[in-house]
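Data first, discussion second: the structure below is written as structure tokens.
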Amino acid sequence: MSFCLILLAAGSSHRFKSKVSKPYQKIGGKSLVEINILKARKFKQIKKIVLVYNTKNLSNLKRLDLKNIKLIKGGKTRKQSTFNALKNLIKLRGISKVLIHDVARPNFSSKLLSSIIKNMKNSRAVVPKINIQDAVKQKIDSSLSEYIVGKNRDDLFLTQTPQAFNLKEIYQLHKTNSAKYKDDDISLYMDLNKIKFINGEKNNFKITDQADFQNLKNNYKSKINVGIGFDVHRLVPKRNLYLAGLKIKSPLGTLGHSDGDPVLHSISDAILGACKMGDIGRMFSDKNKRYKNIRSTILLKKIINKIKEKGYFINNIDINIITQTPKIQKFKNKMLKNISKLCEISTNQINIKGKTTEKLGVVGKEKAIACEVITSVINYD
């Protein structure tokens, strides 16, 4: 089965009440749009991702890395936005199933999405739902304050997204049954028995207002881990000096099995520690000839790919480069850009400080360069 994900992000966000529209609010350096896309990209069955956007948010959209994401203008309503995407997809070959998802639900788990995809093998549509646990009342006449008291909650449930459909069927239903559309796409079905309902997740709640967003941030706080990295290298003649991936002119360079970059080695160890994945020495042994004089930029990129496979992403990096010479200040901006590119994060998530030891010890005597790093990572799953 080949799926396309339609990510709906064209709403006005008027209830969210913020200068930055809801889809572009960030947690751990990633917007809600990016978090949803990162989760979807874990699944090989999802061959294409379509982002339906609001034209008022073009400036926010341009700041995101949306490589291989199809962008489609949204409509005035959810129904119109969904149909705009479906009209585009129906022309494509090789896509038979579609996942329709609200960007305001970024907290679905990989387990839930996997279950939705698996159940589509023998279903026309799959929708996650959760049962209602609170007492339910229904207002009949607001002017008279009349209610139905004790409405049977066993007959009621809440639906969530992502929702999965056969592409051709949901497209035809949008064309022929659009007048029936209410809230989401399952309202287009005359017979709900054609839909397979599966257990949803309480944490897959919809972000509507600021209180919801705060709940989401609180949820992710428990998914943030912190790691510490430290490295020191002796300064010797006839070696290149690399700091944060930059080659720096110097009569002395760092001695090491690789290129001896203490900054990238410390960052690597901090990241691996935060992800509980050991250390750089275990992952790239100095007894292995393959890593002799290898650039630390290559090793760090390998580490970034490995942590992404486990669902981790960098939240922030704080760096102390401890050296008597060279002075770090004039290299700081280039270092920030280099680390940003290597770690796939914004420069706003990185802080670099140059420190001396007031001419004390091996660093103060210009015999070594040291670095210490603290980093935090977040797992969005």
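The values are calculated or read from the model by the stated rules, or taken from the named source; none is laboratory data. What you are looking at is a predicted structure, and each value in this text was computed from that prediction instead of being measured. Methodologically, a virtual Cβ is constructed for each residue, glycine included, from the backbone with ideal geometry; neighbour enumeration extends over all protein chains shown.
Please note which strands (runs of 3 or more DSSP E) are completely contained in the range 311-381 and include at least 1 residues that are aromatic (Phe, Trp, Tyr).
Those strands (runs of 3 or more DSSP E) span 312-322.
Applying the selection to the range 201-233, what residues are over 30 Å from residue 157 (Cα atoms) and in contact with a helix residue (DSSP H, G or I) (Cβ under 8 Å, 6 or more places away or on another chain)? Lay out the reasoning, then the answer.
Quick first cut of the range 201-233, residues over 30 Å from residue 157 (Cα atoms) only: 224-233.
The answer is 225, 226, 227, 228, 229, 230, 231, 232, 233.
With 243, 255, 272 as the choices, which residue is in contact with a helix residue (DSSP H, G or I) (Cβ under 6 Å, 6 or more places away or on another chain) and either at negative phi or among the acidic types (Asp, Glu) (or both)?
Only one candidate passes the filter, namely 243.
In this structure, does residue 234 turn out to be closer than 30 Å to residue 358 by Cα, crowded, with 16+ Cβ neighbours inside 10 Å and not assigned by TED's automatic domain parsing to the domain that holds residue 27? Reasoning before the result, please.
Details: closer than 30 Å to residue 358 by Cα: yes; crowded, with 16+ Cβ neighbours inside 10 Å: no; not assigned by TED's automatic domain parsing to the domain that holds residue 27: yes.
For residue 234, the condition - closer than 30 Å to residue 358 by Cα, crowded, with 16+ Cβ neighbours inside 10 Å and not assigned by TED's automatic domain parsing to the domain that holds residue 27 - is not met.
Which of the residues spanning the range 187-229 are basic (Lys, Arg) and under 30 Å from residue 176 (Cβ atoms)?
194, 196, 206
Which one of the conditions (1) among the small types (Gly, Ala, Ser); (2) on the phi > 0 side of the Ramachandran plot; (3) buried (at least 19 other Cβ atoms within 10 Å of the Cβ) does residue 296 fail to meet, given that it meets all the rest?
Tallying (1) among the small types (Gly, Ala, Ser); (2) on the phi > 0 side of the Ramachandran plot; (3) buried (at least 19 other Cβ atoms within 10 Å of the Cβ), residue 296 fails exactly one: (2).
Can you pull out every residue in the range 330-353 that is closer than 16 Å to residue 296 by Cα and loosely packed, with under 14 Cβ neighbours inside 10 Å?
Once the filter is applied, which keeps residues that are closer than 16 Å to residue 296 by Cα and loosely packed, with under 14 Cβ neighbours inside 10 Å, the range 330-353 yields only 341.
Applying the selection to the range 258-293, what residues are without any contact (Cβ under 8 Å) to a residue 12 or more places away in the chain, exposed (fewer than 14 other Cβ atoms within 10 Å of the Cβ) and within 19 Å of residue 312 (Cα to Cα)?
278
Between residues in the range 325-336 that are in contact (Cβ under 8 Å) with a residue 12 or more places away in the chain and residues that are surrounded by 11 or more Cβ atoms within 10 Å (Cβ to Cβ) and polar (S, T, N, Q), which pairs lie under 9 Å by C-beta distance while being six or more apart or on different chains?
Taking only residues 6 or more apart or on different chains, the pairs are 325/250; 325/356; 326/250; 327/356; 336/347; 336/351.
Which pairs have Cβ atoms under 6 Å, sit 6 or more apart or on different chains, and link a residue in the range 231-248 that is outside any strand (DSSP E or B) to one that is surrounded by 16 or more Cβ atoms within 10 Å (Cβ to Cβ) and of a type in the set (Val, Ile, Thr)?
244/263; 244/339; 245/297
Take residue 158 and decide whether it is free of Cβ contacts under 8 Å to residues at least 40 places away in the same chain, of a type outside the set (Gly, Ala, Ser) and more than 25 Å from residue 379 (Cβ to Cβ).
Numbers: free of Cβ contacts under 8 Å to residues at least 40 places away in the same chain: no; of a type outside the set (Gly, Ala, Ser): yes; more than 25 Å from residue 379 (Cβ to Cβ): yes.
No, not satisfied.
For residue 42, work out the one condition from (1) within 21 Å of residue 107 (Cβ to Cβ); (2) in contact with a helix residue (DSSP H, G or I) (Cβ under 7 Å, 6 or more places away or on another chain); (3) buried (at least 16 other Cβ atoms within 10 Å of the Cβ); (4) not β-branched (Val, Ile, Thr) it doesn't fulfil.
(3)
Could you say whether any residue in the range 97-104 is modelled with pLDDT of 95 or more, of a type in the set (Lys, Arg), more than 17 Å from residue 69 (Cβ to Cβ) and not in a loop (DSSP other than H, G, I, E, B)?
yes
Can you run down the residue pairs with Cβ atoms below 9 Å, 6 or more apart or on separate chains, where the first is in the range 84-106 and over 23 Å from residue 118 (Cβ atoms) and surrounded by fewer than 22 Cβ atoms within 10 Å (Cβ to Cβ) and the partner is of a type in the set (Ser, Thr, Tyr) and modelled with pLDDT of 95 or more?
87/171; 90/171
Considering only residues that are in contact (Cβ under 8 Å) with a residue 60 or more places away in the chain and among the polar types (S, T, N, Q), look in the range 188-225 and name the one that is farthest from residue 163 (Cα to Cα).
So the residue we want is 225.
Name every residue in the range 135-163 that is at pLDDT 85 or above and either in a helix (DSSP H, G or I) or surrounded by fewer than 17 Cβ atoms within 10 Å (Cβ to Cβ) (or both), in order of residue number.
Listed by number, the residues that qualify are 156, 157, 158.
Being over 22 Å from residue 174 (Cα atoms) and among the hydrophobic types (A, V, I, L, M, F, W, C): is that true of residue 130 here?
Values: over 22 Å from residue 174 (Cα atoms): yes; among the hydrophobic types (A, V, I, L, M, F, W, C): yes.
Yes; evaluated as a whole, the condition is true for this residue.
Of everything in the range 191-223, what is exposed (fewer than 15 other Cβ atoms within 10 Å of the Cβ) and under 30 Å from residue 264 (Cβ atoms)? Give them in sequence order.
Scanning the range 191-223 gives 221, 222.
Mind listing just one residue for me: the one in the range 357-381 that is of a type in the set (S, T, N, Q) and modelled with pLDDT of 95 or more and, of those, surrounded by the most Cβ atoms within 10 Å (Cβ to Cβ)?
This residue is 375.
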